[in-house]
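Below is one structure, written out as structure tokens; the observations come after it.
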Amino acid sequence: MNMKNREPSFNGELNLLPVNQINEEYRQDNFLFDSEECAKILDYKEFFECKFTKITFTKHIRRAMFTDVIFENCDFSNIDMRECVFHRVIFRKCRLTGTDFTRGTFEDVLVEKTQAQYACFSSSKIKNSGFIDDVLSDTGFSMCKIDNTATEECDFSRAEFYDTKLKNLDFTRCNISNIVVEANDIKGVIVNEEQAIAFAKLLGIVVKWLFIILSQSDQ
């Protein structure tokens, strides 16, 4: 795995704050939000050096910015998070089922041990990031720009990569069965032998296997 993402850093202790008491100021610094249901709309908010643990989000979070932030055991299921910006962020053991990250920016982001079926990353920029041990089946990565991003032990079955270049993406340790990808976007993708056969079909290549049977006299 070749991942060079920078992890979140914290310069001081975090102050515990109930998530529903987030003030109306745009910028929130050095807070810990723990074990609650968030019923606040967080559009346009900026979070710096914060940690969210066991938070269930129920309202949309559009065009927000997260820098040096950790989300752990949080639930974003079906939440609208379009056009959010993430720098040095970790999603660990979270639920992103059906989450809409359309036109998002992800730089130095780690998504680890997370359920993200049916999530949408369409038109997003993903750089210096990693998807590790995640379920990303039926997820949309259409029209994405992906650079220096690692994938390991992930389930990408039936994921869609329309108009998304897969160059240098290493899928060798992932499940990519029945993914949807255009033939002109697979140049430079890294796959194992079994996966290569599936990609060959996209190019109209017919693979023939030759079997040599040795008689006992030849052994």
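The values are calculated or read from the model by the stated rules, or taken from the named source; none is laboratory data. Keep in mind the model is a prediction, meaning the values are calculated, not measured. We place every Cβ from the backbone using ideal geometry, glycine too, and count neighbours over all the protein chains shown. Accessible surface is based on the protein model in full, side chains and every heavy atom, while ligands, DNA and RNA are left aside. Shrake-Rupley method; radii C 1.70, N 1.55, O 1.52, S 1.80 Å.
Below are the figures for this structure:
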| read-out | value |
| --- | --- |
| Principal semi-axes in Å for segment 112-211 [√(5λ), Cα gyration tensor, largest first] | 23, 15, 12 |
| Signed unit charges on C-beta, dipole axis of the chain, positive-most listed residue I41, T139, T114 | T139 |
| Size of charge dipole - the chain - debye, nearest 20, with Cβ of Lys, Arg +1 and Asp, Glu -1, no other charges | 460 debye |
| Highest average packing first - 97-109, 56-68, Cβ atoms within 10 Å | 97-109, 56-68 |
| In nm, spacing of pseudo-spin labels at E24 and Y162 (7 Å Cα→C-beta vector) | 4.2 nm |
| The chain, accessible area per residue, ligands and nucleic acids excluded (1.4 Å, Å²) | 54 Å² |
| Heavy-atom accessible surface of the chain: percent carbon and sulfur, 1.4 Å | 48 percent |
| √(5λ) per eigenvalue of the Cα gyration tensor, segment 25-164, largest first, Å | 22, 15, 14 |
| FRET efficiency, 1/(1 + (r/R0)^6) with R0 25 Å, evaluated for K54 and E7 via beta carbons | 0.75 |
| Karplus-derived HN-Hα couplings along segment 60-67 (A = 6.51, B = -1.76, C = 1.60, θ = phi - 60°), whole Hz, x at Gly and Pro | 6, 9, 9, 6, 8, 10, 10, 10 |
| Pairs of lysines in segment 83-200 (C-alpha under 25 Å apart; 8 or more residues apart or interchain) | 22 |
| Inter-label distance for K145 and D185, nm, one decimal - labels placed 7 Å from Cα along Cα-to-Cβ | 1.6 nm |
| Length-normalised contact order for the chain - Cα pairs under 8 Å, 6+ apart - percent | 11 percent |
| Debye log10 I(q)/I(0) for segment 26-87, one point scatterer per Cα, at q = 0.13, 0.21, 0.23, 0.29 Å⁻¹ | -0.28, -0.80, -0.99, -1.53 |
